[in-house]
Structures are given as C-alpha cells and as structure tokens.
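Below: the structure, in structure tokens.
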Amino acid sequence: MLDNPQKWKPVPHWATAGLDREGISARTLHSLTQCLVSGNLEAFATQHGLDLGAGALGLARGARYTARLARDRLIAVGLTAEEMSTGWHKDGYAVTPMNAALHVFEFTGPGILEVVARATSIDPQNAGPCAAVQFAGVTGCLYFHESQQRMRLHIERGLAAYIWQWLQEQPIFG
C-alpha cells in the first residue's frame, strides 16, 4: 500500500515555528481578526473609522487597519466580532469573517526586501494600489505594518505549509 504521508513534510507547529537569520525573521501571527469586505468600501471605512487600505508594500498602521485587495474588496484587520457584524449591510457592503481561512506570516528586519525580490515581481519603488500579489506562486495579501522593517503576508491557510517550506529553502534563511 502506498504511504503518501511520507511524501510530505509535516506541518510546522505554528505557535513555535520561526525562522531567524541575520537581518530577517519570519513568524506566524495568531490572534489577528480578519474579515473580507466587498462592495461599497467607502461606506465600510466611514462606518469603522478606517482608511481604504494599504496597497502592495503599502504601510498599514495601528491595531485596526485595512489592506486593499481589489477595486471593491479589502481585508480588514483587528475589528471585533461585534464591529464586523457579518453579512450584507444596508450601506452596500458585505462582511465575511476570514480568521479560519487565512494564515498570516510576519517578516521583520532589514532583509525583508530580499524576500520580496525572491518571492514576487513587485518593484518596491512602485508597488501599486492593490495588496493582492503572487508570492512564491501563491496569491496573497502583502503589505508593511508600522514600519518598512515589518511585513505581513495573508495567504490561504491550506497553503501555509508550502510557503513555510519555500521560505526554509531560500538562501536568506538557509
């Protein structure tokens, strides 16, 4: 009988998994609330006192913020369940909780742009208005948080182990 599990590396224990090398580290963030907002983003932003979101390699600040995914879609981070109130809203937008669907990696240190150069085709000097990017072949949401030395990547949870293995194989972490 085939032993297919032997073909795959085990999924890391995300609570303790970390990559640390000179100039860069990578970790998983846990406890961030995330929701997908679609439709009238201006109404949502006004309702919650937020801006319309950081683009690719844009700078998001604070515990509550947004990152732009498309013209009519963004991801909101840090709102409570009461604030999010999922479903359709009379102001023309819909809110979908994404906590269980998205895995968030955080990279810190001055070597961040080397990871960006290896994983994306983004020009860091002209990144663009949309934070949705291809990162190592996987669509994710990529932006800086609080400073140019802290970057966050939201990806589908099922692809987190692949991204982790990809990171481990990069010379910057190797």
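The values are calculated or read from the model by the stated rules, or taken from the named source; none is laboratory data. Here the structure is a predicted model, which means the values were calculated and not measured. Virtual Cβ from ideal backbone geometry, glycine too; neighbours counted across all protein chains shown. Just so you know, the surface numbers come from the protein's heavy atoms only, side chains and all, with ligands and any DNA or RNA stripped out. Shrake-Rupley method; radii C 1.70, N 1.55, O 1.52, S 1.80 Å.
Taken over the stretch 81-100, residues that are without any contact (Cβ under 8 Å) to a residue 60 or more places away in the chain and either under 18 Å from the mean Cα position of the chain (by Cα) or within 25 Å of residue 11 (Cβ to Cβ) (or both) amount to 1. Can you find a residue in the stretch 166-173 that is buried (at least 20 other Cβ atoms within 10 Å of the Cβ), among the aliphatic types (A, V, I, L, M) and over 20 Å from residue 54 (Cβ atoms)? Scanning the stretch 166-173 turns up at least one residue that is buried (at least 20 other Cβ atoms within 10 Å of the Cβ), among the aliphatic types (A, V, I, L, M) and over 20 Å from residue 54 (Cβ atoms).
Within the stretch 1-55, being closer than 17 Å to residue 155 by Cβ and acidic (Asp, Glu) holds for no residue.
Residues of the stretch 73-102 that are open to solvent by 60 Å² or more (accessible area, probe 1.4 Å) and touching a strand residue (DSSP E or B) at 6+ places or on another chain (Cβ under 6 Å): 73, 86, 88, 96, 97, 99. Of the residues making up the stretch 139-154, those that are within 8 Å of the chain's Cα centre (by Cα) and aliphatic (A, V, I, L, M) number 2.
For the criterion of being of a type in the set (Asp, Glu), modelled with pLDDT of 95 or more, surrounded by fewer than 20 Cβ atoms within 10 Å (Cβ to Cβ) and more than 20 Å from residue 162 (Cβ to Cβ), residue 123 fails. Residue 151: touching an Asp or Glu at 6+ places or on another chain (Cβ under 8 Å), within 28 Å of residue 12 (Cα to Cα), touching a residue at least 24 places away in the same chain (Cβ under 8 Å) and of a type in the set (A, V, I, L, M, F, W, C), yes or no? Yes; evaluated as a whole, the condition is true for this residue.
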